[in-house]
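Structure, as structure tokens:
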Amino acid sequence: MIYFDNSATTFVSDSVRAGLQELTDISVSANPGALHKLGNRAMELYEGIRRETSELLGAKPDEIFFTSCATESANTAIKGYMSRNKRAGKAVISTRTEHKATLECLEYLAKNGYEIRYVKVGPDGKPLSDSLEEELGKGGVALACFTLVNNETGSVLPFDMISKTIKSKSPSTVIYLDCVQALGKMPVDLAKLGADMCSFSGHKIHSIKGNGVLYVKKGVRIDPLILGGGQQDGMRSGTQSAVLAGAFLNALKDVSSGIEEAREKVSEINGYLRKELIERGALILSPDDALPYVLNVSFKGFESETMLHCLEIYDIYVSTVSACSAKSKKVSYVLLEMGVDRKIAANAVRLSFSRQNTMDEAKEFIRCVDAIYDQFLVK
Ligand code: PLP
């Protein structure tokens with residue numbers, strides 16, 4: 001099997017699997033909120049996990065909240081900030097290339113009287129600075145929502161430019177940054193980054209599903225999305241799960257080391273595939289300077305879904321657009337927004353890698369593409 005669908009989800013790593021044994025031991029399985037000593041032990045474990053997670057992300061422990069997924073983190077950050085800070089302004093800026101986790105929150109805000117201003121992106125998927133300045137210049141921007149690495153193309157946000165422009169044109173604007181596809185693939189140090197709120201997802205870094213992280217910088221006030229017993233400083237109620245938080249931490253530990261070596265290895269795979277696929281008439285839709293973990297490619301003569309199923313015959317797994325919308329027949333809104341022709345976008349397939357992929361897999365992939373062209377292309 002060749003799994004090139006790591007932006008949709010990753011497989012659970014050996015260390016995360018092994019860690020689950022310890023994390024589910026009876027001795028640490030009580031409710032961390034309980035007053036008895038079993039509860040204290042569970043809370044100690046949970047708080048230790050929170051501390052270590054925050055250290056690895058470059059944050060303070062009380063700036064980190066465990067959620068069920070990045071979608072929940074995005075909802076909490078975006079809706080929670082706008083709900084709490086009604087006097088900060090009625091406008092939010094973003095792009096139309098965000099993940100649905102952000103776009104649907106913006107849609108919700110628009111229905112509730114907020115003005116969403118979309119910054120244009122260039123053919124490389126990066127927000128255009130003129131457009132950013134124009135939208136900020138209209139005033140009243142409470143929140144800016146961007147994504148560090150685009151999940152469909154690997155396009156990397158010029159975050160320095162974005163945050164400097166925001167800080168100079170609209171200093172009170174708070175920045176929410178989706179870091180889901182960046183974590184473990186490029187250094188993310190929240191103390192230096194300059195974002196006010198960030199989201200992360202465990203299952204994209206070889207953890208189990210059901211765990212995410214929300215970062216909220218000290219001083220930024222938001223309303224919680226989930227109300228209840230007031231756990232996690234009232235930010236996210238619900239009995240804390242050391243199992244889910246610990247699985248996230250174990251995955252994070254693994255991907256936090258060797259980032260450069262992994263990137264070099266994946267770059268080689270990406271470079272090889274780009275060259276071979278171009279020779280076969282394919283168009284590469286990921287920008288040249290994209291993060292190498294994502295390669296969006298439009299195959300000549302095959303619609304996206306047809307190619308996906310042809311590859312499946314060879315036990316190769318890829319995506320057409322992002323996983324969340326894999327069942328709908330729509331052409332990628334991200335590619336269209338970048339100015340890609342609809343017919344070219346209709347043939348787009350996303351290959352996405354993890355550090356576990358190998359060059360041998362890339363070579364086998366090309367052999368299978370050749371076989372598919374020989375067997376199925378109607379000439
Ligand atoms: N943001 C980006 C960029 C993603 O790729 C994804 C998942 O596809 C999400 C957010 C949502 O992540 P989760 O599945 O943890 O809710």
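Some observations on this one:
- None of G125, G140, G154 is more than 17 Å from A182 (Cβ to Cβ), of a type in the set (G, A, S) and not assigned by TED's automatic domain parsing to the domain that holds L335 except G140.
- Filtered residue count, the stretch 226-260, keeping only those that are in a helix (DSSP H, G or I) and without any contact (Cβ under 8 Å) to a residue 40 or more places away in the chain: 2
- From the options V188, V174, V180, residue that is within 23 Å of R96 (Cβ to Cβ), in contact (Cβ under 8 Å) with a residue 40 or more places away in the chain and within 16 Å of the ligand (Cβ to nearest atom): V180
- If only residues of the stretch 266-288 that are of a type in the set (A, V, I, L, M) and in a helix (DSSP H, G or I) are counted, the one that is nearest to R355 (Cα to Cα) is V266.
- Which numbered condition Y293 fails, given (1) of a type outside the set (A, V, I, L, M, F, W, C); (2) within 16 Å of the ligand (Cβ to nearest atom); (3) under 26 Å from T95 (Cβ atoms); (4) surrounded by fewer than 21 Cβ atoms within 10 Å (Cβ to Cβ): (4)
- If you filter the stretch 128-154 down to residues that are of a type in the set (D, E, K, R) and in contact (Cβ under 8 Å) with a residue 12 or more places away in the chain, you find that the one that is farthest from S286 (Cα to Cα) is K138.
- Condition met for E152 (touching a helix residue (DSSP H, G or I) at 6+ places or on another chain (Cβ under 6 Å) and among the acidic types (D, E)): yes
- In summary, helices (runs of 4 or more DSSP H) completely within the stretch 67-158 and bearing 3 or more residues that are within 16 Å of the ligand (Cβ to nearest atom) and at pLDDT 95 or above occur at 70-84, 100-111.
- Condition met for A88 (touching a strand residue (DSSP E or B) at 6+ places or on another chain (Cβ under 7 Å) and within 20 Å of L252 (Cβ to Cβ)): no
- Taking residues in the stretch 63-89 that are outside the structural domain of Y46 (by TED's automatic domain parsing), and partners anywhere that are away from the ligand (no atom under 16 Å from the Cβ) and modelled with pLDDT under 95, not one pair has Cβ atoms closer than 9 Å while being at least 6 places apart or on different chains.
- In the stretch 23-42, residue farthest from H309 (Cα to Cα) [restricted to those that are in contact (Cβ under 8 Å) with a residue 40 or more places away in the chain and of a type outside the set (S, T, Y)]: G33
- Restricting attention to the stretch 199-231, the residues being within 11 Å of the ligand (Cβ to nearest atom) and either over 21 Å from L148 (Cβ atoms) or out of contact with any strand residue (DSSP E or B) (no Cβ under 8 Å at 6 or more places or on another chain) (or both) number 4.
The values are calculated or read from the model by the stated rules, or taken from the named source; none is laboratory data. In this text the structure is predicted, and so the values were computed from the model without any measurement. Counting neighbours? That spans all protein chains shown, and the Cβs are built from the backbone with ideal geometry, glycine included.
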